[in-house]
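The values are calculated or read from the model by the stated rules, or taken from the named source; none is laboratory data. Just so you know, these numbers come straight off a predicted model, no measurement behind them. Glycine gets a Cβ as well: all are built from the backbone with ideal geometry, and neighbour counts include every protein chain shown. Just so you know, the surface numbers come from the protein's heavy atoms only, side chains and all, with ligands and any DNA or RNA stripped out. Shrake-Rupley method; radii C 1.70, N 1.55, O 1.52, S 1.80 Å.
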Amino acid sequence: MLRVDRLSAWYGEAQALREVSLEVAEGEIVTLVGRNGAGKTTLLRCLMGLHGKTSGTIEFLGEDITALGPHRRARRGLGYVPDDRGVYATLTVEENLLLPPVSGKDAWPLERVYETFPRLRERRRFPGTKLSGGEQQMLALARVLRTGARLLLCDEPTEGLSPLIVQQIGDILREVKAAGVTVLLIEQNVHFAATVADRHHLIAEGRIVESMDNAEVRAREHELLDYLGI
Ligand code: ATP
């Protein structure tokens, strides 16, 4: 579904990604793990077309999208959930959900969103400011699913959330996967990552330095947590 070939990215003269190549198959959940500043967010932003200076190629659903801007990538089925969640604080949950342009056969109607996220139905008249971190995360995910995204790029959806809410986010990601949506996510909670994802890439200094399956992540959980400084 996604094929990234030798992707590099710069902030001015500083190189943040160094020839990253990776593939994500339809229906997979793949995580990006790495220390702060390793380049994970930069990688997701490059995939969405939000980063200025890059080289390399990005193919999505068999099409070279390297030269396309973020809106055209979104129309083709890429969805980005940023780490700040991007919820509009003064709008209600429902207004947030009704905001993005929705078209095409993969778009989720409001009713389907509320079936998957019953909490958002309960909260639909609440303004963004009144939502908990977990509810904001659900809203951010739901809003991208509304647009008909077929590949979700999620920047640390579990960051700062309590264990119970992390579990709920896990259930939602599994549901999203069951619905046929593919997910590439940044995740520092390697224990959680091994319960929700299929494969994992460790990123260091802008490079993929290791790729692991769940069994390997579980076997190396303590070592990885030490390495990540968690
Ligand atoms: P974090 O979890 O802290 O966000 P990350 O793995 O997502 O870490 P990036 O945010 O992608 O890492 O950062 C990669 C590198 O690019 C780091 O060295 C960082 O200092 C640098 N960088 C990130 N954003 C900018 C920016 N706006 N201007 C200059 N350098 C930046």
Report summary line: Taking region 129-142 and keeping residues over 19 Å from residue 176 (Cα atoms) and surrounded by 20 or more Cβ atoms within 10 Å (Cβ to Cβ) leaves 131
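Could you tell me whether residue 69 is open to solvent by less than 80 Å² (accessible area, probe 1.4 Å) and closer than 24 Å to residue 161 by Cβ?
no
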Report task. Can you run down the residue pairs with Cβ atoms below 9 Å, 6 or more apart or on separate chains, where the first is in region 12-41 and more than 20 Å from residue 188 (Cβ to Cβ) and in contact (Cβ under 8 Å) with a residue 40 or more places away in the chain and the partner is among the acidic types (Asp, Glu) and more than 9 Å from the ligand (Cβ to nearest atom)? Result -> 19/5; 21/5; 25/198; 27/198
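One line per residue, one yes/no per condition, for (1) in contact with a strand residue (DSSP E or B) (Cβ under 6 Å, 6 or more places away or on another chain); (2) modelled with pLDDT of 95 or more:
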| site | (1), (2) |
| --- | --- |
| 131 | no, no |
| 134 | no, no |
| 175 | no, no |
| 185 | yes, yes |
| 205 | no, yes |
| 218 | no, yes |
| 229 | no, no |
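Determine, yes or no, whether residue 173 is among the aliphatic types (A, V, I, L, M), in contact with a Cys (Cβ under 9 Å, 6 or more places away or on another chain), in a helix (DSSP H, G or I) and open to solvent by less than 50 Å² (accessible area, probe 1.4 Å).
yes
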Report task. Scan region 1-44 for residues that are open to solvent by 10 Å² or more (accessible area, probe 1.4 Å), farther than 24 Å from residue 224 by Cβ and within 15 Å of the ligand (Cβ to nearest atom) and jot them down. Result -> 10, 11, 12, 13, 14, 15
Report summary line: Sole miss for residue 103 among (1) surrounded by 13 or more Cβ atoms within 10 Å (Cβ to Cβ); (2) in contact (Cβ under 8 Å) with a residue 24 or more places away in the chain; (3) farther than 29 Å from residue 40 by Cβ is condition (1)
